[in-house]
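Trainee: The structure is given below, and queries will be raised subsequently.
The values are calculated or read from the model by the stated rules, or taken from the named source; none is laboratory data. Here the structure is a predicted model, which is why all the values come from computation and not from measurement. Ligands, DNA and RNA are excluded from the accessible area calculation, which covers all protein heavy atoms including side chains. Shrake-Rupley method; radii C 1.70, N 1.55, O 1.52, S 1.80 Å.
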Amino acid sequence: MCMIILGMRLSASRFKDIFTRPFVYATASFKLIVFPLFAFVLVKFMPFLDPVAKATVVVLATVPAGAVIE
């Protein structure tokens, strides 16, 4: 379902506009780099979580943006 929504959104936009806007690069870098690092640091200092829960939080923070759309 997420891939269908993503495909519909991409088909409605011009391909050149996607790669010439700095906002797209800032958003992508935040989602793919900053947010996972923040999640990693946040769960690193939580001693009450088991390692599997910590890994789950970090992995879920690193999945592509289309995977978290409901």
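Trainee: Sort through ALA39, ALA28, ALA61 and tell me the only one that's of a type outside the set (D, E, K, R) and modelled with pLDDT under 85.
Mentor: Answer to the selection: ALA28.
Trainee: Taking region 1-49, which residues are under 19 Å from VAL59 (Cα atoms), of a type in the set (Val, Ile, Thr) and open to solvent by 90 Å² or more (accessible area, probe 1.4 Å)?
Mentor: ILE33, the sole residue that qualifies.
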